[in-house]
1. Looking only at segment 120-131, count every residue that is open to solvent by 30 Å² or more (accessible area, probe 1.4 Å) and more than 17 Å from residue 142 (Cα to Cα) and tell me the total.
2. Is there a residue being part of a loop (DSSP other than H, G, I, E, B), aromatic (Phe, Trp, Tyr) and at pLDDT 95 or above anywhere in segment 122-143?
3. Just the residues that are of a type in the set (Val, Ile, Thr) and within 14 Å of residue 195 (Cβ to Cβ), please, taken from segment 144-179.
4. Restricting segment 228-239 to residues that are in a helix (DSSP H, G or I) and closer than 29 Å to residue 305 by Cα, which is most open to solvent (accessible area, probe 1.4 Å)?
5. Would you mind telling me which numbered condition in (1) within 22 Å of the chain's Cα centre (by Cα); (2) surrounded by fewer than 17 Cβ atoms within 10 Å (Cβ to Cβ); (3) more than 19 Å from residue 306 (Cβ to Cβ) residue 190 fails?
6. Here are the criteria: (1) modelled with pLDDT under 95; (2) surrounded by 15 or more Cβ atoms within 10 Å (Cβ to Cβ). Tell me which single one residue 178 does not satisfy.
7. On the basis of being more than 17 Å from residue 110 (Cα to Cα) and aromatic (Phe, Trp, Tyr), does residue 183 make the cut?
8. Within segment 38-69, take every residue that is part of a helix (DSSP H, G or I) and more than 19 Å from residue 234 (Cβ to Cβ) and give me the one that is most open to solvent (accessible area, probe 1.4 Å).
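The values are calculated or read from the model by the stated rules, or taken from the named source; none is laboratory data. Given the structure is predicted, the values throughout are model-derived calculations rather than measurements. Don't worry about glycine lacking a Cβ; one is built from the backbone with ideal geometry, like all the others, and counts go over all protein chains shown. What goes into the accessible areas is simple: the full protein's heavy atoms, side chains included, and nothing from ligands, DNA or RNA. Shrake-Rupley method; radii C 1.70, N 1.55, O 1.52, S 1.80 Å.
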Amino acid sequence: MTGDVAASSLRSPASRTVDPVTTALVAAIALLRLALTAAVHDRYGYFRDELYYIACSRHLAWGYVDHPPLSIAVLAVVRRLFGESLHAIRFPAALTGSVLVFLTAAMARRLGGGRFAQVTAALAAALAPVVLGNAGRYFSMNAFDLLLWACGAYVLILILKEGRERLWVLYGVIAGLGLLNKYSMLFFGVGTLAGLVCTARRRDLKGRWIWIGGLVAALLVLPHALWEWRNGFPSAEFIHNASTYKNAPLSPAGFLLQQPLETGLGQAFLWFLGIGFLAVQGWRSRANGLLAFAVMYPVVAAVMIHGNAKAIT
């Protein structure tokens, strides 16, 4: 009861109300981004990976050597309904990018941001190179990966800042779908766990909802895990070979310096300030859970650097 009262006291008016004008501006940004992306879908022909994904979608399974099955299942549905034209198979990537714009603005609102903050966040997401480029233009699991990370972050804000612990179940659904889409969702999970363990929100680990959410995620991933086991864990071998022989080794500084190439220089400045804001606000009021978010990025970056992960999508 006391926790609920404390959480309620932390909610600003901006996190409780929706401004119609701000919503219209964010919607305009998202729709314009969708229109601009869709307008160039038929340029330059199929990307080589798209041809591979189309081939995979003709042979549906619970797993593939180099990726899980979710994005392939989505592509199979798209092909069945709309065919294999460039506009058809690339529209899901464009749509996920526009939904990402909405989610980014919504996260800014939940964190107390007003109209300027929400519109700035929407513009930053819409113009990010990773969203305008490979992940937002071509069909691939990367587009869904970005969206599922954003969904996970939004739900985490509701859990940690507003005390809505039952949403750990929804977090489990998102994490499970994320792992069925791309294994990099594990990084998000590691960051979440570190954010909890290193802050006062470690108390969530004593509750039942986070464990129910973990069970939900495990059940969603179970069919794919069984496929991996029956086939000798080919994806583990693929990831090991990629990190050992394919990905160019990067120093920690080199990895971090390439991050702005993904997000954009202006966006990198914004998220750098954002991490600082979350750290300061979280340190001042340990109850609001914001410190957990400040912990997540450094931990995820460190894990990726240690595993020689790619810095560029």
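1. Adding up the residues that qualify gives 2.
2. Scanning segment 122-143, I find no residue that is part of a loop (DSSP other than H, G, I, E, B), aromatic (Phe, Trp, Tyr) and at pLDDT 95 or above, so the answer is no.
3. As a first pass, look at segment 144-179 and keep what is of a type in the set (Val, Ile, Thr): 155, 157, 159, 169, 173-174.
155, 157, 159, listed by residue number.
4. This residue is 229.
5. Condition not satisfied by residue 190: (3).
6. (1)
7. yes
8. Here is the first cut: in segment 38-69, the residues part of a helix (DSSP H, G or I) are 38-39, 48-57.
Subset that is more than 19 Å from residue 234 (Cβ to Cβ): 38-39, 48, 50-51, 54.
Working: 38: 27, 39: 62, 48: 169, 50: 2, 51: 96, 54: 11 Å².
Restricting to residues being part of a helix (DSSP H, G or I) and more than 19 Å from residue 234 (Cβ to Cβ), the top hit is 48.
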